[in-house]
Each structure stands twice: as C-alpha cells, then as structure tokens.
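**Q** So that we are looking at the same thing, I have put the structure below in structure tokens.
The values are calculated or read from the model by the stated rules, or taken from the named source; none is laboratory data. None of the values given here were measured: they were computed from a predicted structure. Cβ coordinates were reconstructed from backbone atoms using ideal geometry, including for glycine residues, and neighbour counts include every protein chain displayed. Note: accessible area is taken over every heavy atom of the protein model, side chains too, but ligands, DNA and RNA are not part of it. Shrake-Rupley method; radii C 1.70, N 1.55, O 1.52, S 1.80 Å.
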Amino acid sequence: MAADLITMDDLTNEEIEALLNDAEKLLPVAKGEVYLPLLEGKLLGNMFFEPSTRTRMSFETAMKRLGGNVVNLGALASSSVTKGETLFDTMKMVDGYCDVAVLRHPRQGAAQYAADACEIPIMNGGDGAGYHPTQTMLDLFTIRQAHGRLDLNVVMVGDLRYGRTVHSLSHALSRFGANLTFIAPASLSMPEEIIEDLQKSGANITVSEDLLSNLPNADVIYMTRIQKERFADEDEYLKVAGIYKLSRSNLKDVKESMIIMHPLPRIDEIHPNVDNTPHARYFDQAFNGVVARMALLCRVFGVSVPKEVGK
Ligand code: NCD
C-alpha cells in the first residue's frame, strides 16, 4: 500500500518538503494552542515490541491532538507475545482493529514484513538495527528549523553500525545535498552497503574516528547512543561504551549557528552542561516528533492540513 513508511525511499524529496511544511503549520496544534480534529474517528495501533518513550508518546500525542485515538500493544509481558504468538498473527489482529499502525521491533525487516501482511498502512517505528524514517522526519524538521536548509555539514557520531536513526537520516540528507562526516570506532562504523548506496547517489562522505577535530566545521553534530542491546557480547560493548562525549568545554571553536542533536535517550554522550548552551537542540528535536508525526498521519489518511491553522 502506497502510504506505508518503511524506509526514506518511500518518500520523494517533494513529499518530504511538503511534510515539513505541514509539520510547521501544525506547531500551534502540537502546543495545544489550537484544537484541530482532522483525524477524528481514526484509530492508531501503537505496536512496540521494544522499549520506547519518545516515538510511542509522540505518535500518541500527535494522534490525540488531531482528534484521533490510539490503542497500545502495552507491555509485552501482558500480551499474547509471551504465549508465543507470531508477529504475523499479532499484526493480523491490529489490521482489523486499527486504521494505521506503528511498529517497533527488534528484527531488521520486521516493518516490511508487517506491511506485506497488513491492509492498513504500516509505519516503521524502528526495526532492529535497520531504519527509523519517522525519526528522520523530525530530524530534518529540526535541522531546517535551525538553518533554513539541509545542504549542510552534518557530523554523525557514535554507533553508526547499529544506530537506525543515522541510517535513515544519512539517506535523506544525502538526497538534499548535505556533506556527511561519519565518526565512529572501527567496530561501529557505518555499514559498507549504506556508504556504497550513499556514494552512488553522489553523497560527499568523510569517515573519521576523531570527534574534536571535526567540530569547527560542523553545522550539525548528531550524537548517538551506543546501542547496548544489539551487542552479542557485553565485553564488546564495554570496549566502546563512553567513547565519544561532548561537554561545554569542547564547544569553544564551533560555529555560532552549529546545533547539537541527539535522538535520545542519551547515556553519557552529551554532558548536561551542554543543555543550556545555544547549540543544544535535542529537547526541541524530541518535541518536533509531535508535528512531524502529525504531518505523516495526515498524509496516511489523505487529509490536507489547512493553509492557515487556527485562523
Ligand atoms: C532511537 C531508537 O529507538 O532508535 N530512539 C528514538 O526513537 N528516539 C535511538 C536510541 O534508542 O538510541
């Protein structure tokens, strides 16, 4: 079905720009200043087979602020997943109950699998170490909000191997002409097949293991958490845990307009003393999840966002 969102390849650049414009218009609705029940009578299934705070809550907030409703899979321990129900069977149920579903699952490819099984549109809320396209929409929104454009120097830092946010974001940004710098320890570098894909589409990519020397030229620093849950071996995780940390004292030579982003949760990648600098954007970024997902939900239902919301 056309409205599935599994990877960023499911959206053209024109569609992405239209969604970002819709998201912008919806800011007063996300803030609760205007009630705009565009999705009244619609029901979203929140199917989270892995922990989530922001993705799950911002989808729920987006749906409810637009007058729609949400049912949640809830804690896995209280669902039939513990009885051995397959993903296929669980998704078949949601297909009947809901009008759209968001799926987060530990297995890469699970969202496509669910989309093939379901009639209703499926949005990928993160499939293992695969992709996270709805996060990319809020990331693009945040970058555009700060800089007014996307063809910038963007530095992605941390777990680029298992981090699904950076997989989707690098694809999207390369399509809009950004220069990408990937900073990771060798064991967590960006997967070769993704780099090849990006290069085929003409992306300008630099690979490095050093964060500090890459700060002065950056317009965006995108920090990520080392994805502990994806390591087969705790010792392997401990070798790289805490490898990149950003603190206020590192920010002396950065551009005034540089922004620091993080999909969150952070562990120790960004010291809290960065939070009050003008560079920190990660909490705004998390808020932007509501408008980005509102715009995506409107698209799924073919509902157009009025030109002037609240007037
Ligand atoms: C990310 C995820 O789940 O991939 N979180 C999110 O959706 N904001 C990043 C992470 O867990 O590190």
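**Q** Filter the range 99-114 for residues that are under 23 Å from K42 (Cα atoms) and buried (at least 22 other Cβ atoms within 10 Å of the Cβ) and give the result.
**A** Within the range 99-114, V100, A101, V102, L103, R104, A111, A114 meet the criteria.
**Q** Give S213, S257 a once-over and let me know the one that is out of contact with any helix residue (DSSP H, G or I) (no Cβ under 6 Å at 6 or more places or on another chain), in a helix (DSSP H, G or I) and of a type in the set (G, A, S).
**A** S213
**Q** Next question. So M294 passes all but one of these: (1) within 16 Å of the ligand (Cβ to nearest atom); (2) open to solvent by less than 20 Å² (accessible area, probe 1.4 Å); (3) assigned to a helix (DSSP H, G or I); (4) not β-branched (V, I, T). Which condition number does it fail?
**A** (1)
**Q** In the range 272-285, which residues are under 14 Å from M258 (Cβ atoms) and open to solvent by 60 Å² or more (accessible area, probe 1.4 Å)?
**A** P278, R281
**Q** What residue, of E269, E236, is of a type in the set (D, E) and open to solvent by less than 70 Å² (accessible area, probe 1.4 Å)?
**A** Selected residue: E269, the only one of E269, E236 that is of a type in the set (D, E) and open to solvent by less than 70 Å² (accessible area, probe 1.4 Å).
**Q** Then there is this: Please verify whether the range 6-23 includes one or more residues that are in a loop (DSSP other than H, G, I, E, B), open to solvent by 80 Å² or more (accessible area, probe 1.4 Å) and at pLDDT 95 or above.
**A** Quick first cut of the range 6-23, residues in a loop (DSSP other than H, G, I, E, B) only: 6-7, 11-12.
Now narrow it down to the ones that are open to solvent by 80 Å² or more (accessible area, probe 1.4 Å): none.
The answer is no, given that none of the residues of the range 6-23 is in a loop (DSSP other than H, G, I, E, B), open to solvent by 80 Å² or more (accessible area, probe 1.4 Å) and at pLDDT 95 or above.
Matching residues to (1) open to solvent by 20 Å² or more (accessible area, probe 1.4 Å); (2) modelled with pLDDT under 95:
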| site | (1), (2) |
| --- | --- |
| M123 | no, no |
| A146 | yes, no |
| H167 | no, no |
| L188 | no, no |
| P191 | yes, no |
| I194 | no, no |
| K200 | yes, yes |
| P216 | yes, no |
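**Q** Condition check: crowded, with 18+ Cβ neighbours inside 10 Å and hydrophobic (A, V, I, L, M, F, W, C). Does M156 satisfy that? Before you say what the answer is, go through the steps one by one.
**A** Values: crowded, with 18+ Cβ neighbours inside 10 Å: yes; hydrophobic (A, V, I, L, M, F, W, C): yes.
Yes; evaluated as a whole, the condition is true for this residue.
**Q** Using beta carbons and a limit of 8 Å, which pairs, at least six apart or on different chains, have the first residue in the range 84-105 and more than 16 Å from G74 (Cα to Cα) and the second one hydroxyl-bearing (S, T, Y) and more than 16 Å from the ligand (Cβ to nearest atom)?
**A** From residues that are more than 16 Å from G74 (Cα to Cα), the pairs are F88/Y113.
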